[in-house]
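Enquirer: So that we are looking at the same thing, I have put the structure below in structure tokens.
The values are calculated or read from the model by the stated rules, or taken from the named source; none is laboratory data. Computed from a prediction, not measured in an experiment: that's the story for all the values here. Don't worry about glycine lacking a Cβ; one is built from the backbone with ideal geometry, like all the others, and counts go over all protein chains shown. Note: accessible area is taken over every heavy atom of the protein model, side chains too, but ligands, DNA and RNA are not part of it. Shrake-Rupley method; radii C 1.70, N 1.55, O 1.52, S 1.80 Å.
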Amino acid sequence: MKPYLLALVLVLSACQSQPEEPAPVPLTVEVDGDLGSPRLSTVGGDLPDGQTTLTDVEGLGRELTAESPILYTVSSFNDDGELLAGGEAPILASVGDAPIEAEGMREGSRVLTINPQEGGAEIIVVDILHTSVQGQARELSGPLTVTVGDDGTPLVTGTVEISRLSTQVVVRGDGPQVGDDDDVYVQYSVYRDGELVDSTWGQGPILLDLNDTFEGVRTSVTESFIGSRLLIQVPAAQAQGTADLVVLIDLLAIG
């Protein structure tokens, strides 16, 4: 009986002496900064075993479909918060070419991808920018009015006699000011005698080279703030030279 009892005591002692494994600490990643200008502030907890993607901010803007254009920034950080790459300028692409599974997401979202690596991790931040400006519209003076359709497309109604270049801020943005040599992602509509003659709405933003556009738009856009919607009355001499034009333009991002 003694050997049996001795063996049982040894087994129990061995079980009691084994240290318990610490419980895993949930991963925490905190990203600050405005949409399009992220800053990685905190990474804590245990890194995942493999690549992990999570939505940090759920946007409230337009829902992206397979046919949608997507305007986004992508920034790569190490787990000390140092910027490794990206963050320089927005990218315009189709949803299928985005670096994340963006279909069904909404503009204004921020998505994080954590890639564990030896000795740390890479954190990729993708910010999905808006393709129309956000904010409360101001009351306008004059005969022109701006409304927004159910699909989010802004519309200008009314006609006006244009004697000089005039700009009204429909929505005032709080982004950086546009320089006269900047390329700017925009959406716009152009009206002549109250009729729509050109528009990007329905197809998506374009990257506008201010040096290649006509004087009236270039003058009005320069030093305006990103995130603004402008209603510009352009006399023919500062447009294409053939007719007075009314231009409604959204300033989305500097390219």
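Enquirer: Could you please report the charge total around residue 73, scoring K, R as +1 and D, E as -1 over all other residues with beta-carbon less than 12 angstrom from its beta-carbon? Let's see the in-between values first.
Expert: Working: positive: 110; negative: 34, 88, 127.
Counting the neighbours of residue 73, the net charge comes to -2.
Enquirer: Using 0.36 nm per residue of separation minus the Cα-Cα distance, give me the extension gain between residue 180 and residue 88 in nm, one decimal.
Expert: Values: separation 92, 0.36 × 92 = 33.12 nm, distance 1.87 nm.
So the extension gain works out to 31.2 nm.
Enquirer: A further question follows. Taking the highest mean first, how do the peptides 39-49, 104-114, 140-150 order by number of other beta carbon atoms within 10 angstrom per residue? Can you show the working numbers first?
Expert: Numbers: 39-49: 13.8, 104-114: 19.3, 140-150: 11.8.
Those peptides, ordered most packed to least, come out 104-114, 39-49, 140-150.
Enquirer: Accessible area per residue of segment 49-147 at 1.4 Å probe, in Å²? Let's see the in-between values first.
Expert: On the way: 5350 Å² over 99 residues.
For segment 49-147, the per-residue accessible area is 54 Å².
Enquirer: So what's the angle, to the nearest 10 degrees on a 0 to 90 scale, between helix 2-17 and the longest Cα principal axis of the chain?
Expert: 20
Enquirer: At a probe radius of 1.4 Å, what is the per-residue accessible area of residue 72, in Å² to the nearest 10?
Expert: Result for residue 72: roughly 20 Å² accessible.
Enquirer: Let me check I've understood the local charge: for residue 236, count other residues with C-beta under 13 angstrom from its C-beta, Lys and Arg +1, Asp and Glu -1. What total comes out?
Expert: -2
Enquirer: Could you check the spin-label model distance between residue 39 and residue 198? Points 7 Å from the Cα along Cα→Cβ, value in nm.
Expert: 4.0
Enquirer: With a cap of 14 neighbouring Cβ atoms within 10 Å, and only residues DSSP puts in a loop, list the GluC sites (Glu not before Pro) found in segment 139-224.
Expert: For GluC sites (Glu not before Pro) across segment 139-224 that sit outside H, G, I, E and B with at most 14 neighbouring Cβ atoms in 10 Å, the list reads 139, 161, 223.
Enquirer: Note down the net charge around residue 209, summing +1 for each Lys or Arg and -1 for each Asp or Glu among other residues with Cβ under 13 Å from its Cβ. Could the numbers behind the result be given before it?
Expert: Details: positive: 218; negative: 180, 181, 182, 183, 212.
Around residue 209, the surrounding residues sum to -4.
Enquirer: If you work out Rg and Dmax of the Cα atoms in Å from the coordinates, which of [x] 19.0, 59; [y] 27.1, 113; [z] 17.5, 57 do you get?
Expert: Computed from these coordinates, Rg and Dmax of the Cα atoms in Å corresponds to label [y].
Enquirer: Counting other C-beta atoms within 10 Å, and keeping those with at most 10, which DSSP coil trypsin sites (Lys or Arg not before Pro) do you find in segment 134-226?
Expert: Details: sites: 138, 164, 172, 192, 218; in loops: 138, 164, 172.
When the trypsin sites (Lys or Arg not before Pro) of segment 134-226 are filtered for loop state and at most 10 Cβ neighbours within 10 Å, 164 remain.
Enquirer: Between 187, 238, 203, find the one with the highest GNM mean-square fluctuation for the chain; connect C-alpha pairs within less than 10 Å.
Expert: Looking only at 187, 238, 203, the largest GNM fluctuation is found for 203.
Enquirer: Run the quick spin-label model on residue 145 and residue 53: label points 7 Å from Cα toward the beta carbon, then report their separation in nm to one decimal.
Expert: Taking the simple label geometry, residue 145 and residue 53 are separated by 4.4 nm.
Enquirer: How much of the accessible area of the chain, probe 1.4 Å, is carbon plus sulfur, in whole percent? Spell out each step's value before the answer.
Expert: Numbers: 6920 of 14560 Å².
Exposed carbon and sulfur together represent 48 percent of the surface.
Enquirer: Let me see the pair-distance distribution of segment 120-255: every alpha carbon pair, 5 Å bin width, integer percents in order.
Expert: The calculated distribution, bin by bin, is 2, 10, 21, 23, 21, 13, 4, 2, 2, 1, 1, 0, 0.
Enquirer: Next question. Hey, with R₀ at 22 Å, roughly what FRET efficiency would residue 137 and residue 222 work out to, going by the Cβ-Cβ distance, to 0.05?
Expert: 0.50
Enquirer: May I pose another question? When a/c reaches 1.5 or more, the comparison of a/b and b/c decides; with that in mind, is segment 109-190 rounded, prolate or oblate per its Cα gyration tensor?
Expert: Details: a/c = 3.82, a/b = 2.47, b/c = 1.55.
The shape class here is prolate.
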